[in-house]
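The values are calculated or read from the model by the stated rules, or taken from the named source; none is laboratory data. These numbers come from a predicted model, not from an experiment. Every residue, glycine as well, gets a Cβ built from its backbone with ideal geometry; the counts of neighbours run over all protein chains shown.
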Amino acid sequence: MNEGYLNCLSNQSMKGILYISMSEGTPDVILSEANASDTWRPPTPYKNEYAIKVNNSHQKKNHYMLFLIKIIHVFILNISSLRFQLKEFATYLT
């Protein structure tokens, strides 16, 4: 069984745009990679908005992709709305 993380990053320089990923790296590692000086990034650092740990991440990747397709079709008014959706999704995954 492998573990992974569903991550959601935001950046003050890119309001309304979120970076959402599933990775086997910890949220701290993902955040430090996104903010690394040798990586293209906006002038302000990324911030970790939400991260959840999931078991069997390879099996759940399909569920994650379907979830992303759903939220892409929904206009997200603010990050707190997304946090609620991710918490709901986390309950489904665990």
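Of the strands (runs of 3 or more DSSP E) contained entirely in region 1-55, not one carries at least 3 residues that are in contact with a Ser or Thr (Cβ under 9 Å, 6 or more places away or on another chain) and farther than 19 Å from L68 by Cβ. With respect to (1) at pLDDT below 85; (2) within 13 Å of the chain's Cα centre (by Cα), the lone exception for S10 is condition (1).
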